[in-house]
Amino acid sequence: MVKKLEFLKSYKSLLVPPQGHGGGGLALFWKSDLEMLISSTCDNFIDITITFQGSSFLATFVYGEPDQTKRSSLWNTLLALGESRDEPWFFIGYFNKILDNIEKAGGPERAETSFVEFRSLLSECGLFDLKHSGNFLSWRGVRHFHLVHCTLDRALANTACFDLFSRGRSEYMKFEGTDHRSVLSDNNFLRSINPKAL
């Protein structure tokens, strides 16, 4: 994969290989002037601390568990991460879960009980969606003969992160070569810690 991304060859990287045939995998690239401390990695997420010019924040990059029987375990692990976090925390990825039927178009409605665990995770960790533009129905596919669109990908942050990155925004891009829209997040990190830098 890295060989195909020649423009990133000057960046540092951390790769988590796919879990199976075309499923999963995480790739994180960063510039050498960012100080990165890897807290933990697994098949489903990379958790790091980013420091730049003396300011730090936490970031977690997620690949949602495709096996529904293992999804509760992932939510519990992420909840354990977030329970004691007061620092700025940025949380982004493919969660493979929606919060409400509003985040779904096509196919039958889902039961309210199906949203409880994911809602609880975000609520207990104090995480909220970043302001965003573009079509937030980020995934498309066919389920039981229905074309379905869902918000399976998102960028979130806690209150401390919103305070640090008051200009932070996300944009849902167009579908290109995959059934997911990319989520482009701009936290204006440099502007936030040094408004005169840009």
Can you name every residue in segment 141-158 that is more than 23 Å from Gly82 (Cβ to Cβ) and open to solvent by 10 Å² or more (accessible area, probe 1.4 Å)?
Gly141, Val142, Arg143, His144, Phe145, His146, Leu147, His149
Residue ID - most open to solvent (accessible area, probe 1.4 Å), chosen from residues in segment 159-179 that are in contact with a Lys or Arg (Cβ under 8 Å, 6 or more places away or on another chain) and of a type outside the set (Ser, Thr, Tyr):
Lys174
Within segment 19-60, restricting to residues that are open to solvent by 40 Å² or more (accessible area, probe 1.4 Å) and at positive phi, the one that is modelled with the lowest pLDDT is Gly22
Of the residues that make up segment 66-75, is at least one of a type in the set (A, V, I, L, M), touching a strand residue (DSSP E or B) at 6+ places or on another chain (Cβ under 7 Å) and open to solvent by less than 40 Å² (accessible area, probe 1.4 Å)?
no
If Gly107 satisfies all but one of (1) modelled with pLDDT of 95 or more; (2) open to solvent by less than 60 Å² (accessible area, probe 1.4 Å); (3) not polar (S, T, N, Q), what's the number of the condition it fails?
(1)
Regarding segment 110-121, can at least one residue be identified that is within 23 Å of Leu164 (Cβ to Cβ), basic (Lys, Arg) and open to solvent by 80 Å² or more (accessible area, probe 1.4 Å)?
no
Could you identify the single residue in Leu34, Leu28 that is over 22 Å from Leu130 (Cα atoms) and either in contact with a Cys (Cβ under 9 Å, 6 or more places away or on another chain) or touching a residue at least 12 places away in the same chain (Cβ under 8 Å) (or both)?
Leu34
Cβ-Cβ distance below 8 Å, separation of 6 or more or different chains: which pairs start in segment 65-82 with a residue that is of a type in the set (Ser, Thr, Tyr) and end on one that is assigned to a helix (DSSP H, G or I)?
Ser72/Glu117
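The values are calculated or read from the model by the stated rules, or taken from the named source; none is laboratory data. Bear in mind that the values here come from a model prediction, so they are computed numbers and not experimental data. Don't worry about glycine lacking a Cβ; one is built from the backbone with ideal geometry, like all the others, and counts go over all protein chains shown. For accessibility, only protein heavy atoms count, side chains too; no ligands or nucleic acids. Shrake-Rupley method; radii C 1.70, N 1.55, O 1.52, S 1.80 Å.
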